[in-house]
1. So in the stretch A:40-70, with the set limited to residues that are at pLDDT below 95 and in a loop (DSSP other than H, G, I, E, B), which one is surrounded by the fewest Cβ atoms within 10 Å (Cβ to Cβ)?
2. Does the stretch A:229-250 include one or more residues that are part of a strand (DSSP E or B) and more than 14 Å from every other protein chain (Cβ to nearest Cβ)?
3. Which of the residues belonging to the stretch A:182-219 are outside any loop (DSSP other than H, G, I, E, B), hydrophobic (A, V, I, L, M, F, W, C) and modelled with pLDDT under 95?
4. Can you run down the residue pairs with Cβ atoms below 8 Å, 6 or more apart or on separate chains, where the first is in the stretch B:202-224 and at the interface with another protein chain (Cβ under 7 Å from one of its Cβ atoms) and the partner is in a helix (DSSP H, G or I) and polar (S, T, N, Q)?
5. Please work out if A:S336 is of a type in the set (S, T, Y) and within 11 Å of another protein chain (Cβ to nearest Cβ).
6. Quick one: how many residues across the stretch B:235-245 are under 27 Å from the mean Cα position of the chain (by Cα) and at the interface with chain A (Cβ under 10 Å from one of its Cβ atoms)?
7. Could you please let me know if A:Y157 is under 26 Å from A:H252 (Cβ atoms) and touching an Asp or Glu at 6+ places or on another chain (Cβ under 7 Å)?
8. I'm checking my understanding of the structure. Among residues of the stretch B:133-155 that are crowded, with 23+ Cβ neighbours inside 10 Å and more than 7 Å from chain A (Cβ to nearest Cβ), which one is modelled with the lowest pLDDT?
Amino acid sequence: MTARLFLIFLGFSCLSASVWNLISASAQVTHAQQILPKDAHSSTAGSAISLADVTRAAGIDFHLTCGSLEKHYIMETMCGGVAVFDYDNDGWMDIYFVNGSTLDDLRAGKCHTGKLYHNNHDGTYTDVTARSGLTHCGWGFGVAVGDYDNDGWDDLYVTYLNGGILYHNNYDGTFTDVTAKAGVGNTGNWGTSAAFGDYDNDGKLDLYVANYVALDLEHLPAFGEGPFCQYRGIPVSCGPRGLKGARDRLYHNNGDGTFTDVTEKLNIDPDSYYGLGVLWLDYDNDGCLDLYVANDSSPSLLYHNNCHGGFDEVGAQAGVAYSADGRPQAGMGIDSADYDHDGWPDIVKTNFSDDSNNLYHNDRDGTFTDMAGPAGFGPISIPYLGFGVKFADLDNDGWPDIFVANGHVNPQVDQHSFGVTYAERPFLFRNLEDGKFEEIGIRTGAALSRRYVGRGAAVGDFENRGAEDVLMTVLDGSPVLLRNRTANTNHWITIKTVGTQSNRDGFGARVRVKAGSLVHNAEVRANSSFESASDPRLHFGVGAAQTIDHITVRWPSGRVDEIGPESADQELIIKEGQRIISRLPKKPR
Amino acid sequence: MGISPALIGCLLLLSSLVGQSRATLVAFNHRAMLDDLHEEGGATSTEQANTESLQSARETLLHDLQAGRLDEAIELGQNSVVRWPRDAEIHHLLGLAYFKTQQHSLATTELQRAEGLDRTNANFPFDLALVYLDQGQYSPAASELEKATKLDRNNALAHVLLGRAYQNTNRTLDAIEQFREAIKLDPDVRLGHYDLGFAYASLGRNSEAISEYEKEIERHPENATVVYELGHLLLQTGDWKSALKFLEQATQLDRQNADAFYDLGKARMFLGDHTAAVPAFERSAELKPSDPSPHYQLARAFDRLGERDDSRREWQRFNDLSKAQPQRGGMASGQSQ
């Protein structure tokens with residue numbers, strides 16, 4: 001309920017009561033040095049998940065620029081969007097990295113453009129940025145993927161320090177900036193995460209853009225000056241507290257290449273909280289997409305879709321606005337999955353250091369309970385600052401694991417003995433199948449033993465071999481492509497949805513897979529985590545099951561397609577109303 | 001020596017804090033002091049006279065301190081340091097007199113002088129550390145306690161205090177090392193296991209923390225704070241039934257512990273007994289009227305009980321109190337802000 005204090009006992013020691021009380025009153029929850037619990041190395045049995053850093057070998061040479069290394073201003077700490085998507089419809093996941101800038105370069109008009117990498121189908125990538133047209137010059141943060149015009153080709157929306165850009169996919173490896181025509185410029189706003197989702201089930205993807213702080217570049221808050229420019233008593237960059245928040249925007253897709261800003265009409269983010277994470281999900285299984293927004297240093301918001309074109313904000317009542325004790329948190333990244341196979345989507349959220357990450361279990365009655373502590377997910381996260389977060393079944397055992405990108409925002413912490421470091425190792429939580437998780441990062445190989453200033457995180461089956469890989473962006477550094485080298489005989493099924501009456505991507509479709517003794521439920525989406533988009537294909541590990549007994553796809557349109565049985569270990573392309581239209585062979589692992 | 005010299009200052013302070021123990025402590029301490037002085041020995045006749053006079057001053061000063069005659073102690077101390085400016089113990093005792101009258105600056109000066117005159121006496125840095133701790137100056141306190149533990153490696157209490165100073169300066173791993181050392185020296189050192197458990201818990205090392213709390217409770221089963229901390233941690237880790245047991249015990253041992261009542265309510269909520277959770281949260285709210293958290297839980301409990309009016313009222317209180325909370329730092333951390 002309150003900060004955990006170092007409680008004391010009167011009369012126990014030689015110290016005067018006042019001494020003890022002072023010790024008690026000032027003691028704060030302290031932070032772990034970036035070391036592991038002592039037993040972390042000892043319980044190595046059981047983990048088969050193996051991840052290897054293949055970034056360099058893959059030919060990815062992107063460098064994320066995000067302000068000064070000293071991080072004098074808050075916008076220098078929040079870059080790192082990445083999109084995993086198939087821009088050329090060749091069936092292989094490509095990568096787009098959003099780039100930031102520096103204050104001087106921004107003012108001078110010097111560009112640090114993002115980079116688009118084409119998947120060469122052999123584990124390597126080619127930088128195709130130059131011809132792609134993805135060359136907007138600005139200070140970028142997040143990226144959303146979605147086929148907003150239902151032409152069968154995924155488009156991109158990129159958020160910047162000043163507005164956003166909608167890139168239309170031209171089907172030839174190039175993109176065109178259609179922002180002005182579409183009316184999604186988010187003008188004057190610093191956008192962070194964004195996400196496409198069809199909230200009114202009209203078959204067209206709408207767009208939500210989280211906005212963070214209303215920042216005036218000509219009057220930036222002075223580093224370290226003021227009560228909101230301190231961390232543990234040392235000067236750091238200011239904010240977001242003390243700075244004016246920027247109101248998020250919700251754009252309704254008109255179906256003609258334009259959008260209408262319905263923010264005010266639908267009473268979205270009326271208090272202009274500091275928006276960071278965005279997630280469309282149908283948490284109450286009523287067939288209408290709800291929306292969860294992680295806000296920094298203010299309550300997170302859960303918009304319940306009333307299925308009549310509007311929302312009711314129910315975050316507090318649902319138990320996902322605050323910490324388990326009703327305290328505001330600094331929410332960063334969010335994702336959703338049914339981690340315990342009860343048929344209802346749960347939510348994971350990362351937070352600032354000194355705080356536990358959240359694992360909100362869906363109580364199936366419109367409310368959630370934060371199970372981070374009991375699940376073994378929360379305590380270890382307390383000294384770490386989490387950003388990107390993704391559920392992914394990395395060992396195909398049928399139970400979603402969780403990857404967390406960690407990294408502090410204040411490099412100044414390295415100059416003090418706080419027990420907190422700027423760079424932090426990422427987490428990988430293995431699902432123990434009983435509602436609990438075990439953090440096994442360092443046991444998966446050297447890559448997750450290293451420290452990074454992690455930001456965005458996305459997952460995808462980059463090599464179409466039935467294994468989910470992980471991609472993490474690193475502030476002021478190179479990204480880390482983690483190839484899944486897990487060696488086991490577990491089986492899997494991948495499903496790509498193609499909407500007809502529903503939106504073409506099938507975002508929001510609920511897919512139920514029965515294989516063996518497990519029933520899996522998942523929603524189709526691309527955008528979640530922190531400023532990032534992942535492989536939109538649903539990947540289900542099915543353990544020992546070689547046959548998928550049954551697949552049910554409930555489309556946003558309300559149509560239901562029943563499929564199966566099918567063999568495991570293949571990718572199915574399921575088209576609304578036509579069921580399976582393609583079965584794709586996979587490369588051997 | 002008859003008693004660890006590092007405890008002299010402590011015992012003096014305890015004598016004023018723990019009324020029922022005063023006589024014993026005074027006698028014990030006095031004897032220890034005399035033992036210390038007798039061990040010095042070897043003076044010439046002139047020196048002997050001076051030493052006797054010095055001894056007398058020391059004893060009188062000590063008596064005054066123990067009897068709470070602080071003004072007299074300070075006056076005598078001030079005169080004595082003029083007469084014996086090179087005597088470390090006189091400066092030490094005067095420093096303690098200042099400390100007991102909350103004159104921290106003067107206490108610091110005298111104790112620093114004592115330390116400067118005799119760098120072999122572990123008492124001086126130890127007691128100087130107490131002065132720093134009393135002012136919340138944990139870094140200099142840690143520095144002094146490091147000296148004290150180097151001079152007297154066997155003082156378990158000094159290791160505990162050093163651990164606490166480290167904990168308060170965000171050096172949790174160093175703190176753990178000190179707590180472990182203290183326990184190694186004295187397995188029954190007061191709060192050693194508790195402190196170690198608390199440090200573990202702050203690192204999220206819950207199983208180790210629970211083990212240490214259990215050890216502390218074995219030694220001091222009626223200690224309400226340790227019982228509460230164990231219940232709290234069990235609650236955090238999802239062992240709700242065990243948590244309930246300890247939290248019920250904690251609230252019986254200390255009816256004023258708002259956190260214990262709060263956690264008791266949460267344990268009952270987790271176990272599905274929302275009705276029983278309500279009075280626990282209400283008691284917590286009563287004890288901590290400015291804390292929004294109990295109202296958050298009450299609102300959720302009433303929601304689950306279908307008590308809409310009560311729920312609305314609690315949500316409103318929660319919102320009002322949340323808005324009134326002071327904010328510190330640029331980013332929220334889910335803790336009291």
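The values are calculated or read from the model by the stated rules, or taken from the named source; none is laboratory data. As the structure is a computational prediction, the values presented were derived from the model and not from experiment. When we count neighbours, we look across all protein chains shown, and the Cβ atoms used for this are built from the backbone with ideal geometry, even at glycine.
1. Residues of the stretch A:40-70 at pLDDT below 95: A:40-48.
Next, from what is left, pick out any that are in a loop (DSSP other than H, G, I, E, B): A:41-48.
Values: A:H41: 10, A:S42: 8, A:S43: 12, A:T44: 10, A:A45: 6, A:G46: 11, A:S47: 17, A:A48: 17.
Ranking the candidates gives A:A45 first.
2. Yes: one or more hits.
3. Result: A:L217, single match.
4. That search, which allows pairs on different chains as well, returns B:S202/B:Q167; B:S202/B:T172; B:L203/B:T172; B:G204/A:S381; B:N206/B:Q236.
5. Answer is no for this residue.
6. Total satisfying the criteria: 3.
7. Working: under 26 Å from A:H252 (Cβ atoms): yes; touching an Asp or Glu at 6+ places or on another chain (Cβ under 7 Å): no.
Here the answer is no, as A:Y157 does not meet what is asked.
8. Going through the qualifying residues, I end up with B:Y138.
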